[in-house]
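Asker: Let me give you the structure first, and then I'll get to my questions.
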Amino acid sequence: MRAHYAEDAEGFLRYLEIPGDDPPILWLHGLLCASTAELAPVAVQEPLAARRSLLIDLIGYGFSDRPQQFGYSLADHAQTVVSLLDGLQLDRCYLVGHSMGGTIAALAASQRPEVVAALIMAEANLEPAEEGGAISDSIAEQSEEQFATSGLAELIQSQEQLALQDHSGTPAAHLGMVRILSARAVHRSARSLVRGTDPTVRSLLKGLPMPRFYLYGELSEFTAQELEAEKDLQANGVEYLTVPRAGHPMGLQNPHGFAQRVAQAIG
């Protein structure tokens, strides 16, 4: 485990480093997760085992600090990732982000396009998450105080019930990550996902110079809007790859399949 002091956050960003060949892969997790738990099983799979990986827990998540004054917006998180890139003096790396982490990875890549050799987004949020009943929407509907007082506890309780129904299933594995979340970090991040970015990540992707990949689970259900975005982005050079036998939580459901697609993307 290593630490990087993110000055804008006034706290430590922590990451697990798996040694291997450079350029390294930097991994960014989703809203209710931590890279050190959700994405570590992917980074150690055979297709990537020889590659150096940095599994980053965003500020407010996993092992990283939880400063009260931090904004926890998508742009705020991206700035801490850029701070880490600069602090490590990386001249070349790959960014892999799942869900919210993919959105943050795209924002970070737009700030350091000369460093990011390839951008891989796994079911990232490309548009504001205002519609469709996403978990970020249900969290953002609550006030911050409400979510901190009772909302997170209710979310944990619902996860516990699912875990007890299937002791070896994805909810049981995911529960450990949810229990250590910062309520205020999750709420502010969720509100930022609902608001989206200006320009949208979908629009931003069209102008990025590095190879760009969008991974989606074979078992995931895409809306008509998302399928239309797929055609639009493919026309602008974004390659879509399917992770077999997995839905949205692909890092827990099929880490080997996820790793194969990342290895394919980085060549």
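All of the numbers you see were taken from the coordinates with simple rules; none came from a lab. Model, not experiment: these values are computed from the prediction. Note that we place each Cβ from the backbone using ideal geometry, even for glycine, and neighbour counts take in every protein chain shown.
Asker: Post the alpha-carbon centroid distance, segment 228-267 to segment 8-70, in whole angstrom.
Answerer: Spelled out, the Cα-based centre of one part sits 19 Å from the other.
Asker: If you rank Phe258, Phe70 by fewest surrounding Cβ atoms within 10 Å, what's the result? Mind showing how you got there, number by number?
Answerer: Details: Phe258 29, Phe70 22.
Listed from fewest to most nearby Cβ atoms, that is Phe70, Phe258.
Asker: If you don't mind, there's one more thing I want to ask. Around Cys93, what is the net charge, scoring Lys/Arg as +1 and Asp/Glu as -1 over all other residues with Cβ under 13 Å from its Cβ? Don't skip to the end; give the middle numbers.
Answerer: Working: positive: Arg51, Arg52, Arg92, Arg112; negative: Glu17, Asp21, Asp22, Asp86, Asp91, Glu114.
Summing Lys/Arg as +1 and Asp/Glu as -1 gives -2.
Asker: Could you list the GluC sites (Glu not before Pro) in segment 120-227 that lie in coil according to DSSP, counting only those with at most 11 other Cβ atoms within 10 Å of their Cβ?
Answerer: Details: sites: Glu123, Glu130, Glu131, Glu141, Glu144, Glu145, Glu154, Glu160, Glu218, Glu221, Glu226; in loops: Glu123, Glu130, Glu131, Glu141, Glu218, Glu221.
Counting only loop positions with at most 11 other Cβ atoms within 10 Å, the GluC sites (Glu not before Pro) in segment 120-227 are Glu131, Glu221.
Asker: How much net charge surrounds Arg184 when only the other residues with a Cβ under 9 Å from the Cβ of Arg184 are counted, with Lys and Arg +1 and Asp and Glu -1? Before the final figure, lay out the partial values.
Answerer: Values: positive: Arg66, Arg188; negative: Glu144.
Taking every Cβ under 9 Å from that of Arg184, the sum is +1.
Asker: Let me ask you something else. When every alpha-carbon pair in segment 135-205 is counted, what percent end up more than 19 Å apart? Could you put the intermediate results ahead of the total?
Answerer: Details: 1081 of 2485 pairs.
Above the 19 Å cut-off, segment 135-205 has 44 percent of its Cα pairs.
Asker: Another one. Once you have the Cα-Cα distance between Gln111 and Leu88, take 0.36 nm times their residue separation minus that, and quote the gain in nm to one decimal. Spell out each step's value before the answer.
Answerer: Values: separation 23, 0.36 × 23 = 8.28 nm, distance 1.56 nm.
Answer, rounded to one decimal: 6.7 nm.
Asker: Determine the dipole magnitude for the chain: charges of +1 sit on the beta-carbon of Lys and Arg, -1 on that of Asp and Glu, nothing else is charged, the reference point is the Cα centre, and the result goes in debye to the nearest 20.
Answerer: Numbers: 18 positive and 33 negative charges, 107 e Å.
So the magnitude is around 520 debye.
Asker: Another question, then. Find which of Gln146, Ile180, Asn125 sits farthest along the positive direction of the dipole of the chain, computed with +1 on the beta-carbon of Lys and Arg, -1 on that of Asp and Glu, about the Cα centre.
Answerer: Ile180
Asker: How long is the chain along each principal axis, judged by its Cα atoms, biggest number first, in Å?
Answerer: 45, 41, 37
Asker: Moving on. Could you work out the pair-distance distribution P(r) of segment 1-105 from its alpha-carbon pairs, with 5 angstrom bin width and percents rounded to whole numbers?
Answerer: Computed distribution, short to long bins: 3, 14, 26, 27, 19, 8, 3, 1, 0.
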